[in-house]
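Everything below concerns the one structure shown next.
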Amino acid sequence: MPFYNLEPLNNIVQNQILNNIEKVFFSNKYILGAQLELFEKNFANYCNVKYCVGVGNGFDALILSLMVLGIGNGDEVILPSHSFIATSFAVSRVGAIPIFVEPDIQTCLIDTNEIEKAITSKTKAIIPVHLYGSVCDMDNIMSIANKFGLYVIEDFAQAHGAEYKNRKVGSIGHINATSFYPTKNLGAIGDGGAITTDDKALYDRLMCLRNYGSNEKNYYEFIGLNSRLDEIQACVLNYKLDFLDKWNIERRRIAKRYNEGLKNIFQIKLLPFGEDENINFHVYHLYTITTNQRNELKDYLLRNGIETQIHYPIPIHLQHAYKALMFKKGDFPISEEISNTTLSLPLYVGLSDIQIDQIIHCLKLFFNKKS
Ligand SMILES: *Cc1c(COP(=O)(O)O)cnc(C)c1O
């Protein structure tokens, strides 16, 4: 059983998408065309924001968000120590300094009680990451940001369609970044990303920054990037966006079945489901558990034909790329503990109840044998 399988979902959309791609092919317009404009409008509507800017990938979406806010050399940006590397690399790429804040051990999301301690006179922004599809405590984050005059950039690459107190993620921060990497809840058939905001001035500058800093041929207002969501990706995303809510509900159903099946195994800790969907509408980009026997369990499942993944096995502060920051083991003990105990089980649209039950059964066998 693979960790991820795009085939069932592709089967649902393939006819229409292949049709649409053919139309793009014959339109002879592949960059900055009608498909992108339509997707930007649709995705902005979906997220309940005024503006959306389609870009090349999620990493660029984060970099451009920081650039457009004027964040760069010597500035500090607060972000979770437990996340995918892109969040922190974007901060480093623009010359700013990532300031890591530990996650909450229960939710694996940034611990908002620890944010204030990390603020200095150089702090410019906070980047909460809605990791695994679960939403951060945005009320707390926004009130800290307002109190200290900081920007908030939501990284909602893993959480398209997730909601915090009935508000869509990607609409709460000042400017927000997401990815359409193929395995995300809303995935392209290649790289893609987007930025969402309600701020017209930021939007105008972003439209320029993603296109070499140019609004008008041969005139360059800023030193920009070349990062545009292409017409093929935009037409694929336009079509898939209509299915996103349905697919997210299916992801939640699968997660619920796992939770029911695994809840009595005392050696496993489940992450909070977000039972009250009016507060945390979790869209389960990943189904992640923690256990002290993680490595043995992973091997056992693989021997039984079940692929799993670890998100993420090496904490950011211990990566070789950050050796200049001189972190050492023990600096972020909660992140380190999560890295050592976390395991993600297969979850994708099309995973059948029989398969889910087989996986649950296999976990039960493993822990019964050991206890
Ligand atoms: C996938 C992801 C990104 C970056 O996405 P790319 O499109 O692959 O560059 C950023 N942040 C998080 C949390 C992600 O999961």
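The values are calculated or read from the model by the stated rules, or taken from the named source; none is laboratory data. On a predicted model such as this, the values are computed, not experimentally measured, just so you know. Note that each Cβ is placed from the backbone with ideal geometry, even for glycine, and that neighbours are counted across all protein chains shown. The protein model used for the area step is the full one, side chains on, heavy atoms only, and it has no ligands, DNA or RNA in it. Shrake-Rupley method; radii C 1.70, N 1.55, O 1.52, S 1.80 Å.
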Members of region 111-125 found to be open to solvent by less than 10 Å² (accessible area, probe 1.4 Å) and within 19 Å of the chain's Cα centre (by Cα), listed by number: Ala125
Selection over region 220-237 where residues are aliphatic (A, V, I, L, M) and without any contact (Cβ under 8 Å) to a residue 12 or more places away in the chain yields a count of 1
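Matching residues to (1) among the β-branched types (Val, Ile, Thr); (2) assigned to a helix (DSSP H, G or I); (3) touching a helix residue (DSSP H, G or I) at 6+ places or on another chain (Cβ under 8 Å):
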| site | (1), (2), (3) |
| --- | --- |
| Ile105 | yes, no, yes |
| Cys108 | no, no, yes |
| Lys124 | no, no, no |
| Asp139 | no, yes, no |
Candidate set from region 191-227 (those that are open to solvent by 20 Å² or more (accessible area, probe 1.4 Å) and within 16 Å of the ligand (Cβ to nearest atom)); member that is nearest to Asn10 (Cα to Cα): Asp191
Residue under question is Glu22, and the condition is that it be open to solvent by 10 Å² or more (accessible area, probe 1.4 Å), free of Cβ contacts under 8 Å to residues at least 40 places away in the same chain, not in a loop (DSSP other than H, G, I, E, B) and not hydroxyl-bearing (Ser, Thr, Tyr); does it hold? yes
Residue by residue through region 167-186, note down the ones that are touching a Cys at 6+ places or on another chain (Cβ under 6 Å) and surrounded by fewer than 23 Cβ atoms within 10 Å (Cβ to Cβ). Lys168, Ser171
Would you please list the contacts, defined by Cβ atoms under 9 Å and residues six or more apart or on different chains, that run from a residue in region 207-219 that is among the hydroxyl-bearing types (Ser, Thr, Tyr) to a residue that is open to solvent by 30 Å² or more (accessible area, probe 1.4 Å)? Tyr212/Tyr220; Tyr212/Phe222; Tyr212/Ile223; Tyr212/Leu225; Tyr212/Asn226; Ser214/Tyr220; Ser214/Glu221; Ser214/Phe222
May I ask you to say which residue of Leu79, Leu38 is modelled with pLDDT of 95 or more and within 16 Å of the ligand (Cβ to nearest atom)? Leu79
Quick check on region 58-69. Is at least one of its residues away from the ligand (no atom under 16 Å from the Cβ) and part of a helix (DSSP H, G or I)? yes
Among the numbered criteria (1) under 24 Å from Leu206 (Cα atoms); (2) charged (D, E, K, R); (3) not in a strand (DSSP E or B), which single criterion is violated by Lys117? (1)
Here is a check on your reading of the model: is Pro315 closer than 23 Å to Thr107 by Cβ and modelled with pLDDT under 95? no
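To keep it simple, each residue is scored yes or no on (1) open to solvent by less than 10 Å² (accessible area, probe 1.4 Å); (2) away from the ligand (no atom under 16 Å from the Cβ); (3) over 15 Å from the mean Cα position of the chain (by Cα).
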residue: Phe84; (1), (2), (3): no, no, no
residue: Asp104; (1), (2), (3): no, yes, yes
residue: Ile127; (1), (2), (3): yes, no, no
residue: Asn140; (1), (2), (3): no, yes, yes
residue: Glu163; (1), (2), (3): no, yes, no
What single numbered condition from (1) more than 26 Å from Asn28 (Cβ to Cβ); (2) surrounded by 20 or more Cβ atoms within 10 Å (Cβ to Cβ) fails to hold for Asp230? (1)
